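This report refers to the structure that appears directly beneath it.
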There are 4 protein chains.
Amino acid sequence: MYSFKNDYSEGAHPRILKALMESNFVQEEGYGEDQFSINAIELLKERIGRTDVDIHLLTGGTQTNLTALSAFLRPHEAAMAASTGHILGHETGAIEATGHKVISIDALDGKLTPANIQAVLEAHPDEHMVKPKLVYISNSTEIGTIYKKDELQQLSHFCHENNLILYMDGARLGSALCSTENDLLMTDLPELVDAFYIGGTKNGTLLGEALVICRAALKEEFRYHMKQKGALLAKGRLLGIQFLELFRDNLFFDLATHANQMAAILRVELTKANIPFLNHSPSNQLFPILPHSVIADLESKYAFHIWEKVDDDHSAIRLVTSWATKKEMVEAFIDDVKVNIYSV
Amino acid sequence: MYSFKNDYSEGAHPRILKALMESNFVQEEGYGEDQFSINAIELLKERIGRTDVDIHLLTGGTQTNLTALSAFLRPHEAAMAASTGHILGHETGAIEATGHKVISIDALDGKLTPANIQAVLEAHPDEHMVKPKLVYISNSTEIGTIYKKDELQQLSHFCHENNLILYMDGARLGSALCSTENDLLMTDLPELVDAFYIGGTKNGTLLGEALVICRAALKEEFRYHMKQKGALLAKGRLLGIQFLELFRDNLFFDLATHANQMAAILRVELTKANIPFLNHSPSNQLFPILPHSVIADLESKYAFHIWEKVDDDHSAIRLVTSWATKKEMVEAFIDDVKVNIYSV
Amino acid sequence: MYSFKNDYSEGAHPRILKALMESNFVQEEGYGEDQFSINAIELLKERIGRTDVDIHLLTGGTQTNLTALSAFLRPHEAAMAASTGHILGHETGAIEATGHKVISIDALDGKLTPANIQAVLEAHPDEHMVKPKLVYISNSTEIGTIYKKDELQQLSHFCHENNLILYMDGARLGSALCSTENDLLMTDLPELVDAFYIGGTKNGTLLGEALVICRAALKEEFRYHMKQKGALLAKGRLLGIQFLELFRDNLFFDLATHANQMAAILRVELTKANIPFLNHSPSNQLFPILPHSVIADLESKYAFHIWEKVDDDHSAIRLVTSWATKKEMVEAFIDDVKVNIYSV
Amino acid sequence: MYSFKNDYSEGAHPRILKALMESNFVQEEGYGEDQFSINAIELLKERIGRTDVDIHLLTGGTQTNLTALSAFLRPHEAAMAASTGHILGHETGAIEATGHKVISIDALDGKLTPANIQAVLEAHPDEHMVKPKLVYISNSTEIGTIYKKDELQQLSHFCHENNLILYMDGARLGSALCSTENDLLMTDLPELVDAFYIGGTKNGTLLGEALVICRAALKEEFRYHMKQKGALLAKGRLLGIQFLELFRDNLFFDLATHANQMAAILRVELTKANIPFLNHSPSNQLFPILPHSVIADLESKYAFHIWEKVDDDHSAIRLVTSWATKKEMVEAFIDDVKVNIYSV
């Protein structure tokens, strides 16, 4: 059984484990004040091209989202997210548990635009309703789409004009930035968003997300919020060492590129086999639509999520590739689809 | 500079890193549903001697405390803790941030008794005050003391009689259970407390605490709370693999015993040198009282916390030993104290 | 300028003010333990036909909703409401501020059914999502519709089968129960819902809602929650005296009947004048659709909300009648509509 | 049975009820946007001598405290209060329920000073602890003491220097300001504190507290917080009408003066009878220490709280006078004490 279920099925890239081994007996300060974390943050600032941002290392996406959003928002302020947004449907009400409503915006492609945020603002005119304040976007999105630079510029401009906070969930930022369709650079982000995070967990680390706070007003005393939410690891070095290794050279981007390439092979070959897709996804998540009989056969050899029923005979499945995905298994999968399809 | 600052200055025990390496490319389910975590939990149940407990693996102490307490308490219920309790003074209001007051109880030795809990109950008679509901204790405590079996039995009986929840923070449970003065067994705990956790971070893992929920009523749907608080790691295997290694044989207890032995050498030798201690601590934290001039000299070679000023000329310092503490550095430290003391 | 804007434009029914005057110098216990509140609660139990319910008097609808829902739900549990539900759009995230998500269910007529709740349950299968637990309904609804007995029975049965809590917001319960289309009795409610409240503010009191908790498991220590949320008035007598007067005889129902009758006149006469309505509302809220020019003229003499734009030339307005609505002003309004309509 | 139990045993001053009657059928906007509330707020600004403050009318003390503090504080910030402070022991964890710790400061006379706040600041140096941010004081305090102008000036200066928020709970502000020992004016308060409230409930209204926000940064969007906490009454006029009447002339101060005079008679006469007091209280709360036998006799004719046991034979009781306290009952009480004391 080979898994295309997600991009966190394996451990960490071997270089990361090696870095942990080599540094293991160095004594260090706790709670992220170790030299590894300090160096990792400096390195990240270089890669982002900005020394005036604040960077914090946290353990996972939900933790990062809830810590950031609860620190950024006042009690009456709400977040807005596409209906597919991770904070809306897959974090067990983590944001609401910190006291804030998340307003759902229907968006077929998983992306927000000034127009649909504007509609939310108009529907929330006074103190009898929450105040929509933070725009939550994911890049790549939960359905594999990515923001083009001009789309993000428009959003950014709109948020700035309307005094909104623009926050980017980058759990799969590597895959987005390494997409062949992408025209955004890591160095563009601090100009365009108020805060974002660079996902490690889904791109080669054991765990770890690097939150980058770009807007000055959001930086203040953020470590208090991390501690309060249980997000300051005693051995913060564990995160520092990993991000140091990931960004020491091009490893972060190499890993994401591999994931995208594996997805590209799947996309191209399944398309050749006349398999339709639920949407156009240029990143490491694909949603091919297959006959139920084919899905049943594939399930005996591969693990993946059944995403949604399309009609009585077909469903979309979700295939996720990662830094660890093996090309031969991708090819085997494609062969198995083809064999099954032709026999339908 | 050698550090006695805490028990999380180094990485993980080499066997744990080795286990991570060896399992690295096994594909597994996410969010703690991997086979490693499942096996680790089974193994822990064996070690605890009970199959009817629920066990969950979380990343750190503050996270475990806030997730457990907020899951266990209704909105109007409060926790009680000794004034030295970690949740009171060192978790940035993490429990209050989930909505619950923590009532401080003065306790010179860091331990709670039926008598001082009874006083709190009497002071909270009606709905104009919070309802004291959960008794938070640490073993070993934040000042190095440990609960004897009869003390815990009395607390347990009292809590049972008064329908209170008894919760034990076991960040340093290893050191407590391996103390030469200890008469508690791991297998006693499910009989005596409603929930407790077994600390990994301070006893040899990179991170990880194993929360054991003993009382049936507290178990229900606990994973929802973990997810909501950002405590479900995508790569939950990281925790499972470590606990599996820690409890595969006697490693957990061996590591704690080493830490205690290093502390014992310090205690015995400093006592011989007529150094007084702030309190009697039979675990891996010691609080010797030293002249300020001696402290200043020691600080040039060793890292440690200055705990509290005792008089104009003396302060207590905190020395913490761990699985990684080197005997030769313990001896060097003792020598340096002696040299300095005699020259005062 | 005469207002049809809402049912809380005037003070209280004169009998209620008189009762406050007459009791003014009686010394009483504070915080709802006064004899007036005790008697009011006994009287309400009689009217409801059940002695085994718990009843609490609170000041307003948002306060009642947030106090009840936060007391009833565990942290990971969510409420469900029709998209028009008051807690969703008009309480500034009050429920979320206590930590709970409110799941929106599209429902054209403002009412929930087993089918649309079932769909929510199916979409929330595991711990990565909130657990839908409480069904919030309003009767009458925010758009004037009412639940028929068989509809409520079906909902009740479904909630019971699925271990859900069924909660009815009764801010306008009087108007619902006195509707000519209603077949529910106050005495039916404890059999069908787990908790509901009887709205005083919108039916003749200065303020006050009587929360009735029917399910035993939800009753425990509710006064703690009231105090914590700021919902226990020092002079709780203020609420007791008013509910005592309201239910001493038929006053509560007489007032609601008057409001409904005033609405009925508007409905019948506007219908005769060929004015369409946004929906069928048999209670004290009406949503006639009028040309913009007519609305503009009416606004010079009457206050009302413009509810929603229907097309380029027409909008629906909201007319609310109350115990205090004057028949001559209803007639004047109708005349003014007719004059304006014919001149369009 | 005559009650000295508290200052909210009766209804409202007759002039206030009269004002409610006379305005009853005027149609008004809801939610505090009525003309009565607007006028009351203008009038209060005049009385306070400042037009640049924001004033909001809420229903009770706990509600006011929790709404204000949760609006003013960021998630990691804590309040500080004297150990006798109402928010610490008598509001069922209302502040903690909004996420904020309340730090208890021992203060024998119920009052805070720069010195004891300074000690708290020093004990909270970093992000592992909450950040002490808001100083909560009550005037008069929960044990009847009052702040002199120079004491408040020192506190104010200290808070300003340390960027702390100074908040005054004025549930019994009337009694404090009308004390014969007071040298503070209402018009001094906006210069000295960042926010305070003027208590109506305990000084003649049915309910109602007027929150005055003086510091500009705390004013923003406060009505959102009120709505979210259930503190915006639909018939906000109920509060506006009462405060308008209370401050139309000198009524607020006359009522407080009466309460204080009744207390003064008790203080003078009991002192003459050699009855000691627990503390020196120059306001409407007194804590005489009486033999248990005398207390038992008095309890057959008077209601009051037994405050605390002083020794095996004596306890302090709490006597509270109000605008409604009858002089003849004060005299009767004194006579009864004397008779009983002499017979001991």
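No value in this document is a laboratory result; all are computed from the given coordinates. None of the values given here were measured: they were computed from a predicted structure. Cβ sites come from the backbone with ideal geometry, for glycine too, and all protein chains shown count toward neighbours.
Numbers for the structure displayed
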{"item": "Neighbourhood charge, 13 Å Cβ-Cβ cut-off, centred on D:A296 and excluding it, Lys, Arg +1 and Asp, Glu -1", "result": "-3"}
{"item": "Listed pairs B:K131/C:K131; C:K229/D:K235; C:K18/C:K202 exceeding 23 Å between Cα atoms", "result": "B:K131/C:K131"}
{"item": "Label-to-label distance, nm, for residues given as B:F25 and A:E331 (7 Å Cα→Cβ offset)", "result": "1.6"}
{"item": "Of the DSSP H helices in chain D, those whose Cα atoms cover at least 24 Å axially and whose Kyte score averages 0.5 or more", "result": "D:251-272"}
{"item": "Peptide B:71-81 - average C-beta neighbours from other chains (10 Å radius)", "result": "5"}
{"item": "Inter-chain Cβ neighbour average for residues C:31-39, partner chain, 10 Å", "result": "1"}
{"item": "Cα centroid of the range C:233-283 to Cα centroid of the range D:3-82, whole Å", "result": "29"}
{"item": "Euclidean distance of C-alpha centroids, the range C:114-138 and the range B:299-344, integer Å", "result": "59"}
{"item": "Cβ neighbours within 10 Å from other chains - mean over B:205-212", "result": "3"}
{"item": "Cα-based Rg / Dmax (Å) for the protein assembly as shown", "result": "33.4, 110"}
{"item": "Ordering of B:25-37, B:264-276 by packing [mean C-beta count within 10 Å, highest first]", "result": "B:25-37, B:264-276"}
{"item": "Using a Förster distance of 22 Å, the FRET efficiency for A:A216-D:L121 (Cβ separation, nearest 0.05)", "result": "0.30"}
{"item": "Kirkwood-based Rg to Rh ratio, chain C, C-alpha trace", "result": "0.98"}
{"item": "Cβ-derived FRET efficiency at R0 51 Å, C:N162 paired with C:V339, nearest 0.05", "result": "0.45"}
{"item": "From phi via Karplus (6.51, -1.76, 1.60), per-residue ³J(HN,Hα) for the range B:276-282 in Hz, x at Gly/Pro", "result": "x, 10, 5, 8, 8, 10, x"}
{"item": "Expected 222 nm ellipticity per residue - DSSP helices of 4 or more, -39500 (n - 2.57), all of chain D, to 500", "result": "-12000 deg cm²/dmol"}
{"item": "Label-point gap, in nm, between A:A273 and D:H292 - each point 7 angstrom along Cα→Cβ", "result": "8.9"}
